[in-house]
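Below you'll find the structure, written out as structure tokens, and then a few comments.
The values are calculated or read from the model by the stated rules, or taken from the named source; none is laboratory data. As the structure is a prediction and not an experimental result, all values here were calculated from the model. Cβ placement follows ideal geometry from the backbone for every residue including glycine, while neighbour counts extend to all protein chains displayed.
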Amino acid sequence: MRMRPTAQSAGQQPEGVRQAEELRAELDELLRASRYASQRERRLNEAIRATPGRQQPDGELLRQLAQARTLREGLGARCLQLSDQLEELESLIRHRQQPPPPPAQQHPQHPQHPEPQQQQQQQQQQQHGQQAPRHRLHHQQPPRQPAPPTPARPDLGALTERITTLHRAGSLSEATEVIDAAAARLTPADAALLVGMLARYGPAGGSLLLARSIARSAPDHSVTVLAELRELGLAEEAAEVFHAFWSYPAASVPGLLSALDRAGLAADSATLLWEWGSAPMPELTSLAACLQQHGRSTDVRTLLRQAAGRSTADLADLAAGLPPALATLLLNELAVLRPPVEVARLAAALDGAGRSELYAQLLAALLADEARHRTTLAALRTAGLPTRPPAAQRSRWGWR
């Protein structure tokens, strides 16, 4: 008696089913290990944040945190790889378990009725024609590419030792090159950990040098590292990164502010604009124009309000250097924020410098709410400055 090819001995499973069960068991173990690694990483983060004297956290905790992150990311990559293999294997098993199509019924041939026989042959050819492409499609599908290997995580301990060795040997330029390369290539989490290890074990100032190098990278990367440093309690290094943001050129500040907003660091954006409010006049006007071009009107208003506390001469130069729309916005803010005496001084500076258009804009801001600015208008009259637009004055004399 012939056995069907798919028959298995009693108590045995098909090879594919057994492999699928082994993959499921391994995947379950890896998922449990990944959850444990995530819990350990969270506990280490909490321990670092709770450490007293948060300027330099314990180096052993930082090393354990780096190991926990490496383990968790490696387990996650392996879980994805096993999941893809299991999905492919289960798809193959389902295809093998599909029952074959029923054989076509044989009808006796009748010479006197050849047409039904021809119809039956045509139906069988159509059935085979429909099944063959499916079979070919299954076997002609290209094999799934294996998951790319997980990139090797850098050895932060070895990197710390290398930087320290170069520094002690007097090779400061080489140590700086290694630090700059690490700032550009490491992920934000690894970069923050390396900063912590340099602060604990590296040469004096090494962690601050790395922080300044990180601040020169892309805004999203440097802002993420800033958040990681604060999470690790590295306050001095985080402040170094943030202070380096002040040296960004005006054209790069809108992108930096956007990155800070995405990271939930709106307070840092306000502080940065406050610092920029005291920048040299050409840089300040350039930043205001850049913010306006990027549609950040709220930031423009904040920046001009920060600049409103500058001297009268600076404000007159700033109003003259801004685009007309921004100059109007600045003068409107000054009419509200500055005391009447200082507004009168600004008006005198604009009138004395022959900037009649700016004086007219300031006067229009005052006359828009004449009751509120009564004292300021009185100060202008006392200084012998006009308190009505030129057109209105000409109309009055014309009537006389």
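Considering only segment 237-262, how many residues are closer than 19 Å to residue 180 by Cα and of a type in the set (Asp, Glu)? Talk me through it step by step, then tell me what you get.
Going through segment 237-262, the residues closer than 19 Å to residue 180 by Cα turn out to be 237-245, 247-248.
Subsequent filtering for residues that are of a type in the set (Asp, Glu) retains 237, 240.
Summing the residues that are closer than 19 Å to residue 180 by Cα and of a type in the set (Asp, Glu) in segment 237-262 gives 2.
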What residue, of 325, 316, is more than 36 Å from the chain's Cα centre (by Cα), at pLDDT 90 or above and not basic (Lys, Arg)?
316
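Just one of 255, 196 is assigned to a helix (DSSP H, G or I), surrounded by fewer than 19 Cβ atoms within 10 Å (Cβ to Cβ) and in contact (Cβ under 8 Å) with a residue 24 or more places away in the chain; which is it?
Details: 196 fails: surrounded by fewer than 19 Cβ atoms within 10 Å (Cβ to Cβ).
Within the list 255, 196, the selection yields 255.
Could you tell me whether segment 261-274 includes any residue that is within 13 Å of residue 191 (Cβ to Cβ) and surrounded by fewer than 21 Cβ atoms within 10 Å (Cβ to Cβ)? Lay out the reasoning, then the answer.
Here is the first cut: in segment 261-274, the ones within 13 Å of residue 191 (Cβ to Cβ) are none.
No, segment 261-274 has no match at all.
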With farther than 17 Å from residue 306 by Cβ and in contact (Cβ under 8 Å) with a residue 40 or more places away in the chain as the only criterion, which of 344, 353, 371 stands out?
344
May I ask you to list pairs of residues, at least six apart or on different chains, whose Cβ atoms are under 9 Å apart, with the first in segment 271-295 being farther than 13 Å from residue 251 by Cα and free of Cβ contacts under 8 Å to residues at least 40 places away in the same chain and the second being in a loop (DSSP other than H, G, I, E, B) and hydroxyl-bearing (Ser, Thr, Tyr)?
272/248
In segment 340-356, anything touching a Leu at 6+ places or on another chain (Cβ under 9 Å) and surrounded by 14 or more Cβ atoms within 10 Å (Cβ to Cβ) is listed as 340, 342, 343, 344, 346, 347, 348, 349, 350, 351
Read through the list (1) out of contact with any Ser or Thr (no Cβ under 7 Å at 6 or more places or on another chain); (2) in contact (Cβ under 8 Å) with a residue 40 or more places away in the chain, then give the number of the only condition that residue 246 fails.
(2)
Which one of the conditions (1) surrounded by fewer than 21 Cβ atoms within 10 Å (Cβ to Cβ); (2) in a helix (DSSP H, G or I) does residue 295 fail to meet, given that it meets all the rest?
(2)
If we scan segment 277-289, do we find a residue that is part of a helix (DSSP H, G or I), farther than 21 Å from residue 358 by Cα and under 25 Å from the mean Cα position of the chain (by Cα)?
no
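Being assigned to a helix (DSSP H, G or I), within 21 Å of residue 307 (Cβ to Cβ) and not acidic (Asp, Glu) is the requirement here; does residue 377 meet it? Full working, then the answer.
Working: assigned to a helix (DSSP H, G or I): yes; within 21 Å of residue 307 (Cβ to Cβ): no; not acidic (Asp, Glu): yes.
So residue 377 does not fit the description; no.
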